[in-house]
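The values are calculated or read from the model by the stated rules, or taken from the named source; none is laboratory data. A quick note: this is a predicted structure, and the numbers were derived from the prediction, not measured. When we count neighbours, we look across all protein chains shown, and the Cβ atoms used for this are built from the backbone with ideal geometry, even at glycine.
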Amino acid sequence: MNQKEQLRLLILGVLERQPEHGYAIAQAIKARSAGVLNAREGSLYPALHLLEKEGLVQSQEVEIGARLRREYRLTEAGVQALVKARGEWQAQVQAVGAVIGGAG
C-alpha cells in the first residue's frame, strides 16, 4: 500500500465515526496515531476531492460558529471500500510480519 492509498484508508477510518471537516480529519489522524502520522493540506484535500469524485464520501457546507466549513461524510460505497481496505491492510501487515518476524 503506497502513501496515497494509506491516506485514503486513514480518511475513511476517521469518517467512519462521524462527519468531519478537513482540519478535524487531519487532527484526528495525528491524535489517533499519537503523532506518528500527519495528513498535510497538500495531500489531504486532493485525497478528499478524489474520494468525493469516486462517490466514497460526500460533502456539504455547514455553519460552525460564524464560519462555513465543508464537512465530509462516508457514503455506503465508502463504508464498503473501508471494509475492503481494512482487509487488504491486515493482509499486508501479516505478510510483512511473516517476512521480518522476530526472535522467536
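How many residues are surrounded by 11 or more Cβ atoms within 10 Å (Cβ to Cβ), more than 21 Å from Lys4 (Cβ to Cβ) and among the polar types (S, T, N, Q) if we restrict to the stretch 14-73? So the count comes out to 1.
Taking the condition at pLDDT below 95 and either surrounded by 10 or more Cβ atoms within 10 Å (Cβ to Cβ) or in contact with a Cys (Cβ under 7 Å, 6 or more places away or on another chain) (or both), does Gly97 pass? Before you say what the answer is, go through the steps one by one.
Working: at pLDDT below 95: yes; either surrounded by 10 or more Cβ atoms within 10 Å (Cβ to Cβ) or in contact with a Cys (Cβ under 7 Å, 6 or more places away or on another chain) (or both): yes.
Yes, satisfied.
For the stretch 60-104, the set of residues classified as closer than 19 Å to Ala24 by Cα, basic (Lys, Arg) and in contact (Cβ under 8 Å) with a residue 12 or more places away in the chain consists of Arg69, Arg70, Arg73, listed by residue number. Within the stretch 66-79, can one find any residue that is β-branched (Val, Ile, Thr) and assigned to a helix (DSSP H, G or I)? Yes - at least one qualifying residue is present in the stretch 66-79.
Inclusion of Glu88 among residues that are acidic (Asp, Glu), surrounded by 10 or more Cβ atoms within 10 Å (Cβ to Cβ) and touching a strand residue (DSSP E or B) at 6+ places or on another chain (Cβ under 6 Å) is not warranted.
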